[in-house]
1. On the given criteria, is residue 387 over 13 Å from residue 299 (Cβ atoms) and in contact with a helix residue (DSSP H, G or I) (Cβ under 8 Å, 6 or more places away or on another chain)?
2. If I ask for residues that are of a type in the set (Gly, Ala, Ser) and either under 18 Å from residue 337 (Cβ atoms) or without any contact (Cβ under 8 Å) to a residue 12 or more places away in the chain (or both), which ones from the stretch 368-400 would you list?
3. What's the number of the condition residue 320 fails, among (1) over 30 Å from residue 241 (Cβ atoms); (2) out of contact with any Ser or Thr (no Cβ under 8 Å at 6 or more places or on another chain)?
4. Among 239, 267, which is closer than 22 Å to residue 168 by Cα and either outside any helix (DSSP H, G or I) or acidic (Asp, Glu) (or both)?
5. Listed residues 337, 375, 323; which is surrounded by 12 or more Cβ atoms within 10 Å (Cβ to Cβ) and over 30 Å from residue 152 (Cβ atoms)?
6. Of all residues in the stretch 242-252, which are assigned to a helix (DSSP H, G or I) and in contact with a Lys or Arg (Cβ under 9 Å, 6 or more places away or on another chain)?
7. Among (1) over 30 Å from residue 392 (Cα atoms); (2) assigned by TED's automatic domain parsing to the domain that holds residue 240, where does residue 271 come up short?
8. Checking the structure you have, find out if any residue of the stretch 395-407 is exposed (fewer than 13 other Cβ atoms within 10 Å of the Cβ), at pLDDT below 90 and at negative phi.
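The values are calculated or read from the model by the stated rules, or taken from the named source; none is laboratory data. Just so we're clear, the structure is a prediction, and the values are computed from it rather than from any experiment. Methodologically, a virtual Cβ is constructed for each residue, glycine included, from the backbone with ideal geometry; neighbour enumeration extends over all protein chains shown.
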Amino acid sequence: MEVEGEGREGGGAGPPAKKRMRFREGAVEHGLKLLELPDGAEGTALLEAVLAGGASFKGAGDETVVLCTPSSTYGVKRVDTSNMMLLLDGWEGQGPDPGAADAPATQLPGDGDLAPSPEGLATQRRRAARLGVLEVSATCVDTLEVFPAAPDYQKLQRLMGERQYGADAAEGGEAEGLEAGGAPGHWFHDISREVRACDADIRAWLEEQKCLHLEGKWMTIDDGYKGYMLELLLAKVDEKGWALDALPVAAVAEAMGGEDFRPEVVEHFLRAHGAVSADGATCALDMADMARHFAEKLLAKRGKWYLDPFLAAWKEEFIMDFTPTEDMLKGVAIVETTKKLGKQIREVVHFPLAALPCDPAQRFDALFRKKERWTQSELEPYLPGLTRPTGVAREVIVSKWTRSFRPDPKDAASELVYTRRWPGPADA
C-alpha cells in the first residue's frame, strides 16, 4: 500500500515537496508505545538507563505497574493520542545527517531494526526529507508518561516477614540454617523482582530496618529469637563484668557462640543495637533499644498500665542496675493523661510503630485516630518507614498530611503541634 503526501524540504519552512509513503508489507509492528521522558537531567538519566537495559517494568496481577531504574521508581500513565502515529524506518545507506556538520559517521539501524535512537526530532525530520520513499514500519496510538512514585514498602515489609531467621528456634527448635548450612531469607534479585521499587530504595529500606545479610540472603530476625538473644547477651555482660559502653566484640561473639549463636549473627546484632567502634573491636550497646524490648515484653501481656507500676516492673526486667526512662518508650507506647475520680492519672498504652502501615495516608489516619494532636517529639518516632517517592524529603510528606502550629505563636522556641489535614476514610 502506498500513499502520497506533502512535506517540507529539510523538514523546515521551505517549499512543499511531495513524498511517497508505504506500509511495509507484512512487517508493520502494531501496539508500540512511546515513552515520554521527563525534562532535564532526570529525563537524560532515564533514557540512558533504558538504552543500557537497566530499566524494567514491575507489577503483577492487580498491582499498578511502575518503571524502575537502578536508582529511581516511576509511576506510569497511558495517554491516548488523537491521531495514529506512523513510525518510519529505512535509514540504511542514507549517510550522515547534512544538518550536523561535525557529526561522526555512525552505523544506523538497518531496515526493519526498531532499536531506540537518541537522535532529536529535528534530526530525524532532516533524514526523512532525503528519503525517496517513506516506509512505515510501526504504528502507535498512545504514549506512556512517567512520574516519580513511592516504592512499595508495604509489600517489601510483608515479604521480609516471611522465612525469618530463628523462627524455629523461637518455637523451641534449632535456629534455621545452623545445622543444614543453609539460611532462610531471600536473594536480593528475588526481592527486586517481587517488589515495585528500584534497587536503591530496596537496599535503603533493608539497611534502615536493620535486616540481616547472611549467606548471600536478606532476612529479618524473629522477634522471639531476638529477645532471647538480647536477654542472654545481657546475662553474659553481667557475668563477665563487661562495660555496657565498651563490649569486646570478639569476646562477645565467642561467649555467645558457646550458646550456639553464629558469630556473624551476633556481630550483626551488635551493629543493629549498638555503636561499633571504627576498628570493630568494641561496641556501645544502645540501652534505649534494650529498654524498648523489655517494654514490648510487658505490654504484650497487658496493653495498658498505670505509669508508676509500669516503670517499677520495667526496671525489674533488667538483671543489672539500670533504670529505664519514660522517653525510651518512643515508638513502642504512648503516655496518656486521663482524669479518674477527680485525679489526673497517667497511663502507658501500647502503640508500636511496627504495627502501623507504611502508606502515608493510612499511617497518619491511624495516628490521628489514636490522638487528635501530636507534639513534634511525640510524632517523630512514628515517622520512620513512610513510603515516599525517591528524592522527596520526609518533611514534605508530613506537611502534606498534617497541619502544624505553635500553642504560643509569640514563642518561636515552643514545640510544634500537629493535627489532621485531611479527613480519614471513614470521616469523608
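1. Yes; evaluated as a whole, the condition is true for this residue.
2. Selection gives 377, 393, 399.
3. Just one mismatch for residue 320, condition (1).
4. Criteria check complete, one pass: 267.
5. Every option except 375 fails the conditions.
6. 251, 252
7. (1)
8. Scanning the stretch 395-407, I find at least one residue that is exposed (fewer than 13 other Cβ atoms within 10 Å of the Cβ), at pLDDT below 90 and at negative phi, so the answer is yes.
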